[in-house]
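The structure appears below as structure tokens.
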Amino acid sequence: MGTPALTPAPARAEGSPLESAKFGLSVERLTVGQDGPLPEVREVREAVLASAADVVIVRYPAECVDWFARLSFEDRTPLFAGSLMYWRLPAGRGRRPGPADGYRTGELRDPAAASALVAEIFADYGNHYAANPLFDRMSALEGYREWAAATAAEGRCLGLWGPGSPGAGAELLGLATVDDGDRTEILLAGVVPAAQGRGLYTHLLGAVEERALGRGSAEVVISTQEHNTRVQRAWTRYGFQPSHAVVTVHAVRNRLMCTEDRRRSAGRED
């Protein structure tokens, strides 16, 4: 007797209170094809049409190359917001660096320090929010800062310190925030611009992998926007392999995209 085929879960947009509060608009998210069978594009379209939110952030596998053209909505404007590239590493297979004189990694439990680091590291990062003219760039960065601060408070943040005695002059140069589980996901990771180009980022990856092994995680995963090729080259050198890609689309109410000011800027006074 054959194994019964899995039935895709119904496509349904879910509220995102944090993003709604941050941008002053009602925001929902709809992600399909990540942890189970993929629904038909028709179901995804119907789920977006059924949503009352101002913006629905839709994510689907990048191999569905025809979906964007088929996700047409009578009352919404679809904005292509790039693709997320996912990479994976079986825990214990990374090319961890040797000790670096004067540098150390460890748990970072200071929410304010984590927030300040993220503000410096990700100030110019082009995330998917940048594709939406309704989303303020600084508000998006503030969301990253709050995210990092929360992980530090919860003991899910690792720091990289430069030369100096711990707690007495050692400069905090980088961080990596993580989500623990059967696999360890790196959420935000980076080194301040002034310390880049020295190979220090690899030490953060090594600290995350060591944490993953200590907690029994089978693998480490990480993602970034497709344009961020520099960090993807670093992941390759460390031993990560590309896993899959996910497209992001913002489905925005037409009335929000066609305000009087926007009509003027586009030369459409009618």
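Read-outs throughout are calculated quantities, based only on the coordinates presented, and are distinct from any laboratory measurement. Bear in mind the structure is a predicted one, so any value in this text is a computation, not a measurement. Cβ atoms come from the backbone with ideal geometry, glycine included; neighbour counts cover every protein chain shown.
Distance between the pseudo-spin-label points of S72 and D101 (7 Å out from Cα toward the beta carbon): 6.6 nm.
Were the residues from R12 through D180 laid out at 0.36 nm apart, the gain over their Cα-Cα distance would be 57.9 nm.
Using Cα centres only, tell me the gap between segment 216-260 and segment 27-86 in whole Å. Going from one Cα centre to the other spans 15 Å.
Across segment 30-38, computed HN-Hα scalar couplings (Karplus, 6.51 cos²θ - 1.76 cosθ + 1.60, θ = phi - 60°) run 9, 10, 10, x, 8, 10, x, x, 8 Hz from first to last residue, x flagging Gly and Pro. Which log10 I(q)/I(0) values does the chain give at q = 0.07, 0.09, 0.17 Å⁻¹ under the Debye formula, counting every alpha carbon as one identical point scatterer? Scattering profile of the chain, log10 relative to I(0): -0.30, -0.49, -1.37.
Note on segment 89-243: with charges restricted to the Cβ of Lys and Arg (+1) and Asp and Glu (-1), its dipole about the Cα centre is near 560 debye. By how many nm would the segment from R215 to Q34 lengthen if fully extended, with 0.36 nm per residue of separation less the alpha-carbon distance? Gain in length upon complete extension: 62.8 nm.
Here's how it looks for E219: its modeled amide H is under 5 Å from those of A91, T184, which are all 5 or more places away or on a different chain.
Simple point charges give the picture: +1 on the Cβ of Lys and Arg, -1 on the Cβ of Asp and Glu, and for the chain a dipole about the Cα centre of about 580 debye.
Rg over Rh for segment 29-128 works out to 1.12, both radii taken from alpha-carbon positions and Rh defined as the Kirkwood radius.
With Rh defined as the Kirkwood radius, the inverse of the mean 1/r over Cα pairs, the Rg/Rh of segment 89-243 is 0.95.
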